[in-house]
Amino acid sequence: MKKLLFVAGALCAFGGTAMAQDMGGSMGGSSDTGMGNSGATGAGDPSMGIEAEWNAVGSSPIVHFLYNLGGNWIDAGVGLGITNTSPDVGDSTTLFQLSLFGGYRMYQDMDGRIHPYIEPYVDFGLANDNDDTTPNTTGFGAGAMLGVDCQILDQLSLGAAIGGGLNFTLVSDPAKENVLNIGVYTTSINATFKWGA
């Protein structure tokens, strides 16, 4: 319930900033940070970026490669996780996880250093365990994230995001059932560095 309230609050906050910007109109100056959805990339706007994401449900950081398309950003991410478990009795096991991520990040125009965004995405994941008793899995997902970036320096920002969507996991063992998940399942902390012009 708390997660649903948080998502509802984030949606209201995002919508409220959009309304405030529309109502504010020409009262404030414009920021030339390259993070807003201005419709055109200015001469001083960054054209590329790299982002490290620490996900609450993941076992390793995900690296995102960002490309500016006139204020909105293409987001391509990759994550590789290797987890080794060595019990006191029995053989050790190693779990390999590969995740691929593709999104379209749309920033809300705002003055200052706070930049909220919404990002629809699709993802794909593989998990392979060397333990014969654990089945391998293949996952497919789609959803959206609400996030906010705070510019610490001109090229460096810190942020956080929460997301939700649909995820389907295929299990290699025919004796086990495939899994379909719907709901809020992603919270993350991000550090982003952008450059270029």
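The values are calculated or read from the model by the stated rules, or taken from the named source; none is laboratory data. Here the structure is a predicted model, which is why all the values come from computation and not from measurement. No Cβ is skipped: glycine too gets one built from the backbone with ideal geometry, and neighbour counts run over all protein chains shown.
Residues that are assigned to a strand (DSSP E or B), more than 13 Å from the chain's Cα centre (by Cα), among the aliphatic types (A, V, I, L, M) and modelled with pLDDT of 95 or more occur at least once in the range 144-156. The number of residues in the range 149-167 that are over 15 Å from Asn55 (Cα atoms) and surrounded by 15 or more Cβ atoms within 10 Å (Cβ to Cβ) comes to 6. In the range 168-182, of all residues being surrounded by 12 or more Cβ atoms within 10 Å (Cβ to Cβ) and part of a strand (DSSP E or B), the one that is farthest from the chain's Cα centre (by Cα) corresponds to Val171.
Conditions (1) at positive phi; (2) not aliphatic (A, V, I, L, M), marked per residue:
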site: Pro87; (1), (2): no, yes
site: Thr94; (1), (2): no, yes
site: Leu98; (1), (2): no, no
site: Gly112; (1), (2): yes, yes
site: Thr134; (1), (2): no, yes
site: Leu156; (1), (2): no, no
site: Thr169; (1), (2): no, yes
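Any residue at all in the range 136-143 that's exposed (fewer than 15 other Cβ atoms within 10 Å of the Cβ), among the small types (Gly, Ala, Ser) and outside any loop (DSSP other than H, G, I, E, B)? Yes, because at least one residue in the range 136-143 is exposed (fewer than 15 other Cβ atoms within 10 Å of the Cβ), among the small types (Gly, Ala, Ser) and outside any loop (DSSP other than H, G, I, E, B). Here the range 183-197 is the region considered, the condition is being surrounded by fewer than 17 Cβ atoms within 10 Å (Cβ to Cβ) and small (Gly, Ala, Ser), and the residue that is farthest from the chain's Cα centre (by Cα) is Ala197.
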